[in-house]
Amino acid sequence: MRIVAIKETAIPLKSTLRNAVFDFSEMTTSVVAVITDVVRDGKPVAGFAFNSTGRYACGAQMRERFIPRILKAKPESLVNAAGDNLDPEKILACMMQREKPGGHTERSVAIGTIEVACWDVVAKIAGKPLHRVLAERYNSGKVLDKVACYVGGGWYEPGKGLTELQDEIRAKLDQGYTTMKIKVGGAPIPEDIARVEAALKVVSSSANLAVDANAGFDRERALGYARALAPYELRWFEEPTDPLDYALLAEVAAAYDAPIGTGENLFSTQDVQNLVRFGGLRADRDIIQIDVPQSYGIAQFSRTLDMLKRHGWRRASLFPHGGNQMTLHIVGGFGLGGCEAYPGVFGIFAGFADDARVDNGHLRLPERPGIGFEAQNALYAVMRGLSAAA
Ligand code: MG
């Protein structure tokens, strides 16, 4: 078998949302189709992915380096031993040829997105949902039927006050979610504390509310928020510092007993290793939030998990960033702590299958072969158009 074409297109997000650091008005996302010569039901098997949430489209790197490297490689060098399916490990190695160490985000998002689309092919050819393929390969065959899922929301929006924030949370609880994360750091501390107290009145306990500072604090504000938030013992306090400021993070952790979450803005196994070695994090409570499609993809993520295990971390401590169908399969397949959801935001890129239902804070894992974007009508229309254009 061989890959016959790889297509990319950039789609604007058209969002009015804002966190503590930036707004999403210019945000775009790369959608990728990997098309093969394997035919199922009369059609070539194509795998799809997009570059998750919060990093701009990266088609230039894909078109100039990664897609040509894959298409120039000998087809037999990219497939499994039986020759009947793609081998994403080999495709990752092929894309990494002639790449200088370091500078991860310049390529990790582009490579990871193509890599995840290759896994969609792998699962479709195997006739299994991706989470099952991953469970068999990376979690001793432990196939789950549902995973915990929390809502990432509580953004700052024009005209949104405490009542609107509470309405937002109530609507999510009505949909079956139990745990909510809201943004902090986009307002003065007393105002944000009022938002936290308003949110706590709606959720059932402090263990069901997390806050996200989006890496926007300097030392004084990070420690100020740590002191102000500590008494509430929230589910977690996310990204109180610059993603690479491990020394400051260690200071915050020393001043803040409740769980801290971070890692969505680290893109390599080495950076995550530095985080757990030097960031003062505690493996018994803290949360790591790598975004897998943005971090070289699934094969590299399995190496990150091996590294974390050597440092005493359990898979239950991982709550990957990105409320989407790719992350849902990854959480279920590897047996991680839980996944994020952004119901109703980020347009066609938000959420899961159109008929997905949340029950008591848990999402059922899809049974359709592959990642199952086919069950997300608006997004799949873009993907289908890409593969048809090949
Ligand atoms: Mg975050």
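Computed quantities for the displayed model
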| read-out | value |
| --- | --- |
| Residue-count net charge about V143 - beta-carbon cut-off 12 Å; Lys, Arg +1, Asp, Glu -1 | +2 |
| Distance (nanometres) between label positions extended 7 Å along Cα→Cβ at F278 and S205 | 3.7 |
| Förster-model FRET efficiency, 41 Å R0, D218 and Q166, C-beta, rounded to 0.05 | 0.85 |
| Accessible surface, per residue, of the stretch 137-376 when the full set of protein chains is kept, probe 1.4 Å, Å² | 37 |
| Relative contact order of the chain, defined on C-alpha pairs under 8 angstrom at six or more residues apart (%) | 21 |
| Rounded if a/c under 1.5, otherwise prolate or oblate - the chain, Cα gyration tensor axes | prolate |
| FRET efficiency estimate (nearest 0.05) - Cβ-Cβ, V4 to R357, R0 41 angstrom | 0.65 |
| Summed residue charge, Cβ within 11 Å of G59's Cβ, Lys/Arg positive, Asp/Glu negative | 0 |
| Of all DSSP beta bridges in the stretch 137-376, antiparallel share, percent nearest 5 | 25 |
| Gyration tensor (alpha-carbon) shape descriptor, the stretch 47-168, a/c threshold 1.5 | oblate |
| Rounded tilt (10° steps) of 189-200 against the dominant C-alpha axis of the chain | 70 |
| Accessible-area composition of the stretch 158-287, carbon plus sulfur, in percent [1.4 Å probe] | 49 |
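The values are calculated or read from the model by the stated rules, or taken from the named source; none is laboratory data. In this text, all values refer to a predicted model and were calculated from it rather than measured experimentally. Note: ideal-geometry Cβ built from the backbone for every residue, glycine included; neighbour counts use all protein chains shown. Heads up: the accessible areas ignore ligands, DNA and RNA and are worked out on the full protein's heavy atoms, side chains in. Shrake-Rupley method; radii C 1.70, N 1.55, O 1.52, S 1.80 Å.
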